[in-house]
Amino acid sequence: MTTPAPSQPANPPTQPPPGVRIASTLCWVVGILTILAALAIGIPAISSGAGLLFIAVNLLAGAIVCVAAVQIRRQRKFGVLLMLVAWAIPTVVALVQHLPVRGSLLLLVALLFAGANWKHLR
């Protein structure tokens, strides 16, 4: 029996399907944009005293979406659950504070891509 040459890996890494990669990339974009928007809007609002909860909730949601992106790229179903949690946190906080609820179109598209590729996730 021969061993593989050192230049050739024993098990070449496989790429996730394109839909999974698109969903993961969209999650990264949404997560980073959410964090940047929370900082850009929240830091000036802190001086008025009302921005601390806004910045904390949106930073948490952005970080969760970034973790979801990693999990989806690893083809884990847990990443889709994290995306749902990241969507729900700001929504619930806005409803509790009687504020208008706004969603992220990119997060919805990423969630649709992840759901469409559910069979590739484990």
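Per-residue 3J(HN,Hα) values for segment 85-98, derived from phi via the Karplus relation 6.51 cos²θ - 1.76 cosθ + 1.60 with θ = phi - 60°, read 5, 5, 6, 6, 4, x, 5, 5, 4, 5, 5, 5, 8, 6 Hz in sequence order (x marks Gly and Pro). Inter-label distance, residue 96 to residue 119: 4.0 nm, where each label sits 7 Å from its Cα along the C-beta direction.
Charge dipole (Cα centre; +1 on Lys/Arg Cβ, -1 on Asp/Glu Cβ; no other charges) of the chain amounts to roughly 380 debye. Evaluating 6.51 cos²θ - 1.76 cosθ + 1.60 at θ = phi - 60° for every residue in segment 37-46, the Karplus couplings come out as 5, 4, 5, 5, 8, x, 5, x, 6, 4 Hz, glycine and proline recorded as x.
Which whole-number percent is the relative contact order of segment 17-122 (Cα, under 8 Å, 6+ apart)? Contact order relative to length: 36 percent. Between 0 and 90 degrees, the angle of helix 51-73 with respect to the longest Cα principal axis of the chain falls at about 10 degrees.
The residues packed around residue 25, meaning those with a beta-carbon under 15 Å from its beta-carbon, carry a net charge of +3 if Lys and Arg are +1 and Asp and Glu are -1. Expressed as a whole percent, the proportion of Cα-Cα pairs in the chain lying more than 21 Å apart is 46%.
Of the trypsin sites (Lys or Arg not before Pro) found in segment 65-118, the ones in coil according to DSSP and having at most 11 other Cβ atoms within 10 Å of their Cβ are 102. Annotation: extensible slack from residue 36 through residue 75 equals 11.4 nm (criterion: 0.36 nm per residue apart, minus Cα-Cα distance). Once the 1.4 Å probe is applied to the protein heavy atoms, segment 27-108 comes out at 59 Å² accessible per residue.
The values are calculated or read from the model by the stated rules, or taken from the named source; none is laboratory data. All values reported here derive from a predicted model rather than from experimental measurement. Neighbour counts run over all protein chains shown; Cβ positions are idealised from the backbone, glycine included. When the accessible area is computed, the model is the full protein with side chains, heavy atoms only, and any ligands, DNA or RNA have been set aside. Shrake-Rupley method; radii C 1.70, N 1.55, O 1.52, S 1.80 Å.
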